1. For the chain, compute Rh as the Kirkwood radius over C-alpha pairs and then the Stokes-Einstein diffusion coefficient at 25 °C and 0.890 mPa s; write the answer in µm²/s, rounded to an integer.
2. By how many degrees, between 0 and 90 and to the nearest 10, does the Cα long axis of helix 153-165 differ from the longest principal axis of the chain?
3. Based on DSSP, what percent of beta bridges with both residues in the chain are antiparallel, to the nearest 5?
4. Can you give me the Rg/Rh ratio for region 124-230, using Cα atoms for both radii and the Kirkwood formula for Rh?
5. To the nearest 500 deg cm²/dmol, what mean residue ellipticity at 222 nm is calculated for the chain from DSSP H runs of n ≥ 4 alone, each contributing -39,500 (n - 2.57), summed and divided by the residues?
6. Quick check on region 150-232: of the DSSP beta bridges with both residues there, what percent are antiparallel, nearest 5%?
7. With everything on Cα atoms, drop me the angle between helix 259-270 and the longest principal axis of the chain, reported from 0 to 90° to the nearest 10.
8. Provide the packing ranking of 289-296, 193-200, i.e. peptides ordered by the mean count of other C-beta atoms within 10 Å per residue, highest first.
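Only the coordinates and a few stated rules stand behind these numbers; no lab work does. A quick note: this is a predicted structure, and the numbers were derived from the prediction, not measured. Cβ placement follows ideal geometry from the backbone for every residue including glycine, while neighbour counts extend to all protein chains displayed.
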Ligand code: SF4
């Protein structure tokens with residue numbers, strides 16, 4: 001099987017306001033990509049670009065306005081609440097302290113999952129849980145009797161990854177899993193995701209705004225801007241970017257600058273725009289390489305080998 005998950009022209013539109021004045025927000029706009037077995041596929045971009053909404057749509061937390069998601073070739077609509085789906089697809093979120101109830105002992109979550117999903121009988125449960133915890137560098141003994149507040153952020157995030165591994169999933173969706181973890185521990189969690197992929201053949205959708213870790217662990221990367229994938233391909237697109245937005249994102253994080261100059265650069269990439277032109281390229285108001293055609297015509301997906309770029313410069 002060459003494709004595990006396929007996202008096909010996925011769109012999510014939110015309507016706000018009443019019938020007199022209705023505002024439509026396109027959070028995810030015609031997004032397509034696929035995830036292969038045993039690869040780390042990254043969705044990257046600044047806050048509000050639609051990457052988390054895309055993950056929520058895959059997980060079934062929200063319904064798409066249009067588009068199709070297929071898992072192992074099957075449409076997933078209606079499957080996302082089923083046990084089968086829960087066993088196959090697991091998620092890890094940004095803040096591990098929100099994943100666990102502060103009053104409950106951490107191991108209770110592990111035993112509940114094991115018994116609810118018949119993963120092991122009571123004789124084997126402890127050893128089964130310990131194996132999963134060992135896979136993330138913890139042990140059942142280390143977490144036994146502890147409440148979430150008694151573990152460090154890094155330990156708790158590892159525990160939430162171990163809990164996700166209990167069902168032997170094929171796909172793990174990791175939504176900003178290191179952004180709330182101490183900088184010194186970030187790489188250990190990122191390395192762990194890569195190791196799980198290499199050792200257990202787990203596919204990972206890694207959602208991040210951090211292009212350095214994205215480059216470090218990903219097989220392939222998709223860059224999102226305003227709900228759209230503007231560039232996608234092997235992780236090397238982060239070294240040799242084509243899309244002007246990817247280039248600006250990389251310049252803003254990688255080029256060492258004096259503080260004031262750096263702030264100025266960030267403003268040019270991240271500042272809030274008033275409006276953007278609906279019919280042209282979404283990036284036209286910020287793009288240093290914009291042409292006249294960019295204002296009137298939306299660029300289509302242009303492919304070169306495994307790389308896709310949505311930009312008139314490459315027509
Ligand atoms: Fe810039 Fe035009 Fe390419 Fe959009 S299509 S990124 S405005 S050059």
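1. Roughly 117 µm²/s, to the nearest whole number.
2. Long axis of 153-165 versus the principal axis of the chain: about 80 degrees.
3. 60
4. That ratio equals 1.00.
5. My calculation for the chain gives -10000 deg cm²/dmol from helical runs alone.
6. If I count the DSSP bridges inside region 150-232, around 45 percent turn out antiparallel.
7. Roughly 80 degrees between the two axes.
8. Going by the mean number of other Cβ atoms within 10 Å, highest first, we get 193-200, 289-296.
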